[in-house]
Amino acid sequence: MSFLVRPGCVLGAIIVIAFLVRVVGIGYGLPLWLVGDEAPFVLSSLKMIELKTLVPAFYENEFAVISYFPPYLSYLYLPFFIPLLAIQFFSFGGTTNQFVWYLLSDLSIFFTVARVISVLLGTATIWLLYRVAHNIFQNKLIAFFSATFLSLSTLHALLSHWGRDWVAAVFFLVLGIYTITRPLWSERKRYFTTALAAGIAFGISAAGVFIPIFMALWIFIHERKKLKEIFFHKTIWISADIFFA
């Protein structure tokens, strides 16, 4: 029985339950596009591959009709879509034009991959939240409750089920809070990694702006730095540069 109540086992059970809640019914509605805001990210990623570009602004007219979001989530899909497209292309017996029409006839596999990525990000957020709660409160019971509540959250489970931007933004949001609250990391490492997480989150959704807000509150309230000290703090200015870059 002692094995069953070990902290690692409890956290593992919470994460497994969170994963199962999010992955069940992953193919809902396919091949139809019944979920709003999924298509722009999937189609943008495929369009980048077609046009061989990572900068949608270079082909504004082509992307304007398929996407109205920042492109970072579409970048995340590229490492998975490229080999998948290569496998499909080399196993297809027709011409290139025929392959394009064949591909466009059913994009279910790409939407499924996008949803699986969301499930994994949503599940990983549970672990990160556990670490965040433990970093802040130094209490495993509070950390377990935090992870449990998020794992069973209807809203977060729903967001994690579809290939949309919210769950990815929340993942990087929690990641940023995790890095700034790491007690054993140096100040420089914490600030730089948090700024990087904030920049990536902002490239997915405007919700990423909450990371710099939390970072500022953490510096003022927890680290008790004064305004004058912050203004002349080189590491903070470099962190701001990382975020804006």
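The values are calculated or read from the model by the stated rules, or taken from the named source; none is laboratory data. Since we're looking at a predicted model, the values are computed, not measured. Note: ideal-geometry Cβ built from the backbone for every residue, glycine included; neighbour counts use all protein chains shown. Accessible surface is based on the protein model in full, side chains and every heavy atom, while ligands, DNA and RNA are left aside. Shrake-Rupley method; radii C 1.70, N 1.55, O 1.52, S 1.80 Å.
Observations on the model:
- Taken over the stretch 153-199, the criterion of being closer than 20 Å to VAL42 by Cβ and either in contact with a His (Cβ under 6 Å, 6 or more places away or on another chain) or not in a helix (DSSP H, G or I) (or both) is satisfied by TRP162, GLY163, ARG164.
- Residues satisfying the stated conditions in the stretch 50-68, i.e. open to solvent by 50 Å² or more (accessible area, probe 1.4 Å) and hydrophobic (A, V, I, L, M, F, W, C): LEU54, VAL55, ALA57, PHE58, ALA64, VAL65
- Number of the exception - LEU73 against (1) within 25 Å of VAL21 (Cβ to Cβ); (2) open to solvent by 40 Å² or more (accessible area, probe 1.4 Å); (3) of a type outside the set (S, T, N, Q): (2)
- For the stretch 29-68, residues that are part of a helix (DSSP H, G or I) and among the polar types (S, T, N, Q) total 3.
- Identity of the residue in the stretch 18-33, touching a Ser or Thr at 6+ places or on another chain (Cβ under 8 Å) and aliphatic (A, V, I, L, M), that ends up surrounded by the fewest Cβ atoms within 10 Å (Cβ to Cβ): ILE26
- Restricting ALA195, ALA133, ALA168 to those that are among the hydrophobic types (A, V, I, L, M, F, W, C), under 22 Å from ILE14 (Cβ atoms), surrounded by 19 or more Cβ atoms within 10 Å (Cβ to Cβ) and touching a Ser or Thr at 6+ places or on another chain (Cβ under 6 Å) reduces the list to ALA133.
- Any hit, the stretch 200-220, residues being surrounded by fewer than 22 Cβ atoms within 10 Å (Cβ to Cβ), of a type in the set (A, V, I, L, M, F, W, C) and assigned to a loop (DSSP other than H, G, I, E, B): no
- Test: residue in the stretch 87-96 that is more than 23 Å from PRO212 (Cα to Cα), open to solvent by less than 80 Å² (accessible area, probe 1.4 Å) and part of a helix (DSSP H, G or I): yes
- For the stretch 137-146, the set of residues classified as open to solvent by less than 70 Å² (accessible area, probe 1.4 Å) and in a helix (DSSP H, G or I) consists of ILE142, ALA143, PHE144, SER146, listed by residue number.
- Scanning the stretch 138-147 turns up no residue that is among the hydrophobic types (A, V, I, L, M, F, W, C) and closer than 22 Å to VAL209 by Cα.
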